[in-house]
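The values are calculated or read from the model by the stated rules, or taken from the named source; none is laboratory data. This structure is a prediction, so every number in the text was calculated from the model and none was measured. Cβ sites come from the backbone with ideal geometry, for glycine too, and all protein chains shown count toward neighbours. When the accessible area is computed, the model is the full protein with side chains, heavy atoms only, and any ligands, DNA or RNA have been set aside. Shrake-Rupley method; radii C 1.70, N 1.55, O 1.52, S 1.80 Å.
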Amino acid sequence: MLSALGSTTVIADIQPQSASLNYSQKALSNAGNPAAAALVIKRKDPHVMTGGSIEIGAGLEYGDLDELFSKIDDISNAFKPPEDDGSNPPPPPTPENPIRDYTWDDLLLEYPELADRLDALEDKVVSAAGLLALIASEGYGKAEATSNASFVLNEDLYGGSLLMSMALKGNAKVVGLLETIEFDSDQALEALKTIPEFDETDPIQELDLSGGISLFYNPANQKVKLHIDNDSLLLVKSTKIMEFSFAYSKQAYESDAGALYWGVKPTFYRVGLTNVSARLGEVTDAEAIFEDIKNADYVYKNGFDFDFGAVWAAPHYQLGATLTNVIENTYRFPELDREKFNSPKILQQLDHHSEFTMQRQVKFEAGIFTEQRHWSLHAELDANPVEDPMRDRYQWLTVTAGYAADSWWLPSARVGFSRNLAGTKLGYLNAGVTFMKFVNLDVATTLDTVTLDGEKYRRGINVRLGVQFDY
């Protein structure tokens, strides 16, 4: 999935960037409070470098559906291909596929009454509908990558500090869109009553059981197979976003109790979007559809926005607030071929995924410190949920404790916990170290697991590597 992002990779919402460094060490990150640079430069902590920082990272997250891709591949086999109009139905199932390999007599022996046989078929429809619902709600795989760099351009520009930042952001996600199956048992029962009327010389029959469900019956060998004609699909979306920003921060007030800092960060965006879709009946390999997104054309659009930030810094604590994406620009994905879909619900869901808005968000932060700021405890809270380009909702709560060393040979360390209060509600455990005062390595992982290809993996993992430096 990471390869689907191409060579300029990017993003950033699977797990919050703020979780990688505790408050006393992260101030020069372009993801931080715009007011923080002036504060950290003036404070001149011996364990913080104030020239700049460069960071790269990558992450994966899966839905809570074991054997995700195999289940998608499996259910796609039960869907009638959209180009098949019923005149040339697929052959009946083979002995290698016993789950769907039944004869009418088999059903008669197991379920003597016609109504019981209807119940047996209805159970299969319910199972397929339930799996469709699972795929729609939990059947996703998401990949992201990040790269960003921040540099202090001026430590005393009109009494404040100027920070320049650049970032490449992008992610890719596969998500299931569901058309519900409306099964009419009365109509299905009437269709089943016609089966004894066929002669063994008759061709394969397609019986309409309602709701896009067909039963193919071969009178020659009495084989039956259930097919579903349905607009449910897999949608793959990908973004490539370039950011270029300047953050100006300055002290506004100072007293014996502490000092107030403010900052503003105007940002230029270059947003590239693409998407591809595949009906479940067309899917032969769920993982292979990521290959399609690699070759898709991106539609690019420029945008501009800005953030505001404020920090109150006292000897043993700090409080901060940030307002991001004040303008709230909207960006649209390329148009998909909508003519092959008939379901109004699917078309409505495609409309929902056709655009995204960089939504406004308020973030609060607080930190407490020991006398020399070696030990710290930091918390951040998103005051409101927002959606990322994949239309996933995020509202992070993060708590991080850390030790910051002054020496080059003793590493700094941090541990913490992040939880998404919206959307997936997933929690991440965070841990990181800083080597030789300038190399940062941070890892975050969920406690939840998912099974893929018979192996258990964490539902989400995020790794970041960065360097801080002075010049």
If the label point sits 7 Å along Cα→Cβ of I54, residues of the range 434-458 with amide N under 16 Å come out as 438-441
Counting only DSSP loop positions in the range 182-240, the trypsin sites (Lys or Arg not before Pro) whose Cβ has at most 12 other Cβ atoms within 10 Å are K193
If each part is reduced to its alpha-carbon centroid, the range 430-465 and the range 329-396 end up apart, in Å, by 21 Å
With all protein chains present, the range 143-198 has a carbon and sulfur share of its accessible area (1.4 Å probe) in percent of 52 percent
When the charge dipole of the range 150-200 is computed with +1 on Lys and Arg Cβ and -1 on Asp and Glu Cβ about the Cα centre, the Cα farthest towards its positive end, among V174, F198, S161, belongs to S161
So, for the Cα atoms of the range 265-405, Rg and Dmax in Å stand at 21.2, 66
Taking r as the C-beta separation of A405 and A252 and R0 as 35 Å, the FRET efficiency to the nearest 0.05 is 0.65
Whole-percent carbon and sulfur contribution to the accessible surface of the range 364-471 (1.4 Å, no ligands, DNA or RNA) stands at 67 percent
Computed from the beta carbon distance with a Förster radius of 56 Å, FRET efficiency for R419 and E190 to the nearest 0.05 stands at 0.60
Phi angles of the range 169-179, converted by Karplus (6.51 cos²θ - 1.76 cosθ + 1.60, θ = phi - 60°) into ³J(HN,Hα) in whole Hz with x for Gly and Pro, give 10, x, 8, 9, 8, 10, 9, x, 10, 10, 9
Residue separation between N384 and H352 times 0.36 nm, minus their alpha-carbon distance, gives in nm 9.5 nm
Note, the range 443-456: 3J(HN,Hα) by Karplus (6.51, -1.76, 1.60, θ = phi - 60°), whole Hz, Gly/Pro = x, goes 10, 10, 8, 7, 8, 6, 10, 9, 9, 10, 6, x, 10, 8
Summed over the other residues with a beta carbon less than 9 angstrom from that of S238, with K and R at +1 and D and E at -1, the charge totals +4
Ignoring ligands and nucleic acids, T424 exposes an accessible area, probe 1.4 Å, in Å² to the nearest 10, of 60 Å²
Expressed as a percent, the portion of alpha-carbon pairs in the range 386-461 spaced more than 13 Å apart is 72 percent
HN-Hα couplings for the range 337-343 via Karplus (6.51, -1.76, 1.60; θ = phi - 60°), in whole Hz with x for Gly/Pro, come out as 6, 8, 5, 7, 10, 10, 6
Counting Lys and Arg as +1 and Asp and Glu as -1 over every other residue whose Cβ sits under 12 Å from the Cβ of L465, the net charge comes to -1
Taking 0.36 nm per residue of separation between Y158 and A220 and subtracting their Cα-Cα distance, the length gained on full extension comes to 13.3 nm
Cα-Cα longer than 19 Å, checked against K301/K340; K169/K294; K250/K437; K142/K240; K42/K250; K237/K301, kept in input order, equals K301/K340; K250/K437
